[in-house]
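The values are calculated or read from the model by the stated rules, or taken from the named source; none is laboratory data. Keep in mind that what you see is a predicted model, and the values were worked out from it rather than measured. No Cβ is skipped: glycine too gets one built from the backbone with ideal geometry, and neighbour counts run over all protein chains shown.
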Amino acid sequence: MRRSLSNPEDVSELKRRLNQLNEHSPRKWGRMSSAQMVGHCDKILQVGLTKIVLPETNLVFKTVGICTKLTMKVCNHGIPPNMPTFEVVKLKENCNFESTKADFLATFEEFLSSLQADTLLRRHALFGEMTSCDWAFLQYKHINHHLKQFGV
């Protein structure tokens, strides 16, 4: 079954797993701390809410992005470890885990409301045209990917 932020059970599962995470949770790959990862996920949600604007990409990256989105939708694949990301959504500074988690949860609820109202960004710099179904599916995949990164 395809998991999605449109499914209340999948949303509850992500929240439950997030609550298992703490500031000392060890990562399985990458460089981010657990607090930085939660902050990164918050920033990715803000892209859909149009609070953060990603830079334009060239035709090659757009093509790769659109093909990746289609492959994930058709094959239901996850995101591989150590994928590159836009600089604007990286967190390099140390941050407080609890306040970052609270910020994420507030953004997450706002994202879910916008998802329901169908008011999310329509064109992603990498993935091209985006429907609410695309956002719900890809954001589930993204958050799930990073929770797995920290073993939850």
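Taking the residues in the range 46-97 that are surrounded by 12 or more Cβ atoms within 10 Å (Cβ to Cβ) and among the charged types (D, E, K, R) as candidates, determine which candidate is farthest from residue 147 (Cα to Cα). Only one residue fits best here, namely 62. Please tell me if residue 137 is under 14 Å from residue 46 (Cβ atoms), under 13 Å from the mean Cα position of the chain (by Cα) and either in contact (Cβ under 8 Å) with a residue 40 or more places away in the chain or not in a helix (DSSP H, G or I) (or both). For residue 137, the condition - under 14 Å from residue 46 (Cβ atoms), under 13 Å from the mean Cα position of the chain (by Cα) and either in contact (Cβ under 8 Å) with a residue 40 or more places away in the chain or not in a helix (DSSP H, G or I) (or both) - is not met. Residue by residue through the range 65-99, note down the ones that are assigned to a helix (DSSP H, G or I) and touching a Ser or Thr at 6+ places or on another chain (Cβ under 9 Å). Correct list: 65, 97.
Every test in (1) out of contact with any Ser or Thr (no Cβ under 7 Å at 6 or more places or on another chain); (2) in a loop (DSSP other than H, G, I, E, B); (3) of a type outside the set (Phe, Trp, Tyr) is passed by residue 25 save one, and that test is (1). Against the test of being in contact (Cβ under 8 Å) with a residue 24 or more places away in the chain and surrounded by 16 or more Cβ atoms within 10 Å (Cβ to Cβ), the options 105, 120 yield a single qualifying residue, 120.
The numbered conditions (1) in contact with a strand residue (DSSP E or B) (Cβ under 6 Å, 6 or more places away or on another chain); (2) more than 24 Å from residue 130 (Cβ to Cβ) are all true for residue 33 except (1).
Residue by residue, here is whether (1) modelled with pLDDT of 95 or more; (2) hydrophobic (A, V, I, L, M, F, W, C) holds:
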residue	(1), (2)
46	yes, no
57	no, no
71	no, no
88	no, yes
92	no, no
109	yes, no
117	yes, yes
120	yes, yes
142	yes, no
